[in-house]
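Enquirer: Have a look at this one before I ask anything.
The values are calculated or read from the model by the stated rules, or taken from the named source; none is laboratory data. Because the structure is a prediction, the values reported are computed rather than measured. As a convention, Cβ positions derive from the backbone with ideal geometry for all residues, glycine included, and neighbour counts pool all protein chains shown.
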Amino acid sequence: MPLSRRGTVWSYTDGRYRPPPPYVSDPEVPWQPYTLVAVELAAERMVVLGQAAPGVTVADLRVGMLVEVVPGVLGEDAETVWTTWWWRPVPHDGRGQA
């Protein structure tokens, strides 16, 4: 079901541990913390949880901030590309408008 592409930050936190299986990660690659964002979709009257886009940290977020969903790639090999979606703050247009 299609959902809104924009919403407001309801809550956020950072993930600082490697999740246990069935999460797939290469134990040879050092773990990188990531930011989780709970986003309120007003039209749907629901809150969805997702990862912030790479480079977006808890320091970049505020409750009530407008964010948008963007496509991302979790990983790939010769046969498969694992895609996902991420949340990022809506860029301003230079006049303070989102």
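Enquirer: Looking only at the range 1-37, how many residues end up being aromatic (Phe, Trp, Tyr) and more than 15 Å from the chain's Cα centre (by Cα)?
Expert: Start the filter on the range 1-37 by keeping residues that are aromatic (Phe, Trp, Tyr), which leaves 10, 12, 17, 23, 31, 34.
Within this subset, residues satisfying the condition of being more than 15 Å from the chain's Cα centre (by Cα) are 17, 23, 31.
So the count comes out to 3.
Enquirer: Here is a follow-up. Restricting the range 1-20 to residues that are of a type in the set (A, V, I, L, M) and more than 14 Å from residue 52 (Cα to Cα), which is surrounded by the most Cβ atoms within 10 Å (Cβ to Cβ)?
Expert: Filtering the range 1-20 for residues of a type in the set (A, V, I, L, M) gives 1, 3, 9.
From the residues that got through so far, the ones that are more than 14 Å from residue 52 (Cα to Cα) too are 1, 3.
Details: 1: 3, 3: 13.
Within the range 1-20, the match that is surrounded by the most Cβ atoms within 10 Å (Cβ to Cβ) is 3.
Yes/no per residue for (1) in contact with a Ser or Thr (Cβ under 8 Å, 6 or more places away or on another chain); (2) modelled with pLDDT under 95; (3) of a type in the set (Gly, Ala, Ser):
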{"site": "8", "(1), (2), (3)": "no, no, no"}
{"site": "13", "(1), (2), (3)": "yes, no, no"}
{"site": "33", "(1), (2), (3)": "no, yes, no"}
{"site": "42", "(1), (2), (3)": "yes, yes, yes"}
{"site": "52", "(1), (2), (3)": "yes, no, yes"}
{"site": "58", "(1), (2), (3)": "yes, no, no"}
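Enquirer: Related question: Output the residues belonging to the range 46-74 that are free of Cβ contacts under 8 Å to residues at least 12 places away in the same chain and of a type in the set (Val, Ile, Thr).
Expert: Within the range 46-74, just 73 meets the criteria.
Enquirer: Sticking with this one: For the range 48-65: of the residues being of a type outside the set (Ser, Thr, Tyr), surrounded by fewer than 14 Cβ atoms within 10 Å (Cβ to Cβ) and in contact with a strand residue (DSSP E or B) (Cβ under 7 Å, 6 or more places away or on another chain), which is nearest to residue 4 (Cα to Cα)?
Expert: Going through the qualifying residues, I end up with 49.
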